[in-house]
Amino acid sequence: MAQIIDGKEVSQHIRGEVAKGVSQLVDRSGITPGLAAVLVGENPASEIYVRNKRKACTEAGIYSEEHKLPVETTEEELLSLVDNLNKDNNIHGILIQLPLPDHINETKVLRAVSPDKDVDGFHPCNVGLLVEGNPHFISCTPHGIIKMLEYYNIDIKGKEAVVVGRSNIVGKPVAMLLLHRHATVTLCHSRTRDLAEVTRRADILVAAIGRANFITADMVKDGAVVIDVGINRNEEGKLTGDVDFQAVQEKASFITPVPGGVGPMTISMLLWNTLESAKGT
Ligand code: NDP
């Protein structure tokens, strides 16, 4: 039976460290880290997420502000706000809540965020630095996954790591982070042939697919470490991951639950990046 990787516990630990770091920074330099979140249009899920971020910021002593713009906001208006935030000395992190409305070019807006305030790690400069092995801001979910493995003293070096999902925000960066920690990494996607044969090789298996219960027990090696990034709703509306948790926990050595696994880590690493950004000013 697998040991549960408790994302809430690791998250509390990280948030405690951030709060300590913030108070030391304020004492030393008088600088309070600041995070700005930008939301365009009405999206209940994004609003909940932003509300949670605000609460987490307050608890860690980080100044936070939200910019809620109506859905009819033009690209120029949004770019002008980003420009102002780039210049605002009280703001060290800028977060553009995705998705943006269809009439706004998402890539253009994300690239307008200063790489020095890009606490989501989405700017090509930060992606390039990560690939190079000299990361500045690492995107929050992949960074959180590494922090969880470290917290549980799970060895990465020399291990077979298989990542299912190749998105820019999860799959690719987590593969890169595992590679830099000397895992032998395989990155899978919807065109991977005989996926189960590949996943069965994994000592560390990361599922970032977006399909409920997609990873079944027959796809998992005995003793594997299983990290479930997925956030899905099943037919009853219950939150569920990409991994068939009940069956896979019988085989795995460690497993993250959903909810309470990777999810809480994302906001914690956002706070972490905001503090790091403020330290660099
Ligand atoms: P994307 O939809 O951008 O990417 C999904 C990936 O899964 C793609 O690379 C896709 O392959 C692959 N995939 C889809 N179907 C299959 C299949 N049948 N076999 C193999 N691979 C497949 O998703 P994200 O990376 O943005 O998110 C993944 C999940 O993680 C979602 O549930 C999301 O909600 C969750 N998430 C959770 C976060 C957290 O904080 N816990 C943060 C971010 C995301 P292809 O490229 O070929 O299409």
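The values are calculated or read from the model by the stated rules, or taken from the named source; none is laboratory data. The shown structure was predicted, so the numbers you read here are calculated from the model rather than taken from an experiment. Counting neighbours? That spans all protein chains shown, and the Cβs are built from the backbone with ideal geometry, glycine included. For accessibility, only protein heavy atoms count, side chains too; no ligands or nucleic acids. Shrake-Rupley method; radii C 1.70, N 1.55, O 1.52, S 1.80 Å.
Computed with a 1.4 Å probe over protein heavy atoms only, the accessible surface of segment 237-281 comes to 34 Å² per residue. Once the 1.4 Å probe is applied to the protein heavy atoms, segment 1-87 comes out at 55 Å² accessible per residue.
Inverting the pair-averaged 1/r between distinct Cα atoms of the chain gives 19.5 Å as its Kirkwood hydrodynamic radius.
Of the trypsin sites (Lys or Arg not before Pro) found in segment 203-277, the ones in coil according to DSSP and having at most 12 other Cβ atoms within 10 Å of their Cβ are LYS238.
Taking only the Cα atoms of segment 30-116, the ratio Rg/Rh comes out at 0.96, with Rh defined as the Kirkwood radius. Summing charges over neighbours of GLN249, with a neighbour being any other residue whose Cβ is under 13 Å away from its Cβ, gives -3 when K and R count +1 and D and E count -1. Of all lysines in the structure, those lying under 25 Å Cα to Cα from LYS159, and not within fewer than 8 positions of it along the same chain, are LYS147, LYS172, LYS221, LYS251. Shown for segment 30-116: the carbon plus sulfur share of the solvent-accessible area, taken with all protein chains present and a 1.4 angstrom probe, equals 49%.
Taking the Cα centre of each part, how many Å lie between segment 18-95 and segment 109-128? Each part's Cα centre sits 15 Å from the other's. For the peptides 201-209, 46-54, 122-130, 186-194, residues were scored by their other Cβ atoms within 10 Å and the scores averaged per peptide; the highest-first order is 201-209, 122-130, 46-54, 186-194.
Magnitude of the charge dipole for the chain, about its Cα centre and with charges confined to Cβ atoms of Lys, Arg (+1) and Asp, Glu (-1), is about 580 debye. In plain terms, if you count all Cα to Cα distances in segment 1-156 and split them into 5 Å steps from zero, the share in each step is 2, 8, 15, 18, 20, 17, 11, 6, 2, 1, 0 percent. Split the accessible area of segment 140-263 by element, probe 1.4 Å, and carbon with sulfur accounts for 48%. Each 5 Å bin from zero holds the following percent of Cα-Cα pairs in segment 143-204: 4, 19, 28, 26, 16, 5, 1. Mean residue ellipticity at 222 nm from the helices of the chain, using -39,500 (n - 2.57) per DSSP H segment of n ≥ 4 over the full residue count, to the nearest 500 deg cm²/dmol? That comes out to -13000 deg cm²/dmol.
Shape descriptor for segment 140-263: Rg over Rh equals 0.92 (Cα atoms; Rh from the Kirkwood inverse mean 1/r). For segment 30-116, relative contact order (Cα pairs under 8 Å, six or more residues apart, normalised by length) works out to 41 percent. Across the chain, the relative contact order, built from alpha-carbon pairs under 8 Å that are at least six residues apart, equals 23 percent.
Placing +1 on the Cβ of every Lys and Arg and -1 on the Cβ of every Asp and Glu, with no other charges, gives segment 140-263 a dipole of roughly 460 debye about its Cα centre.
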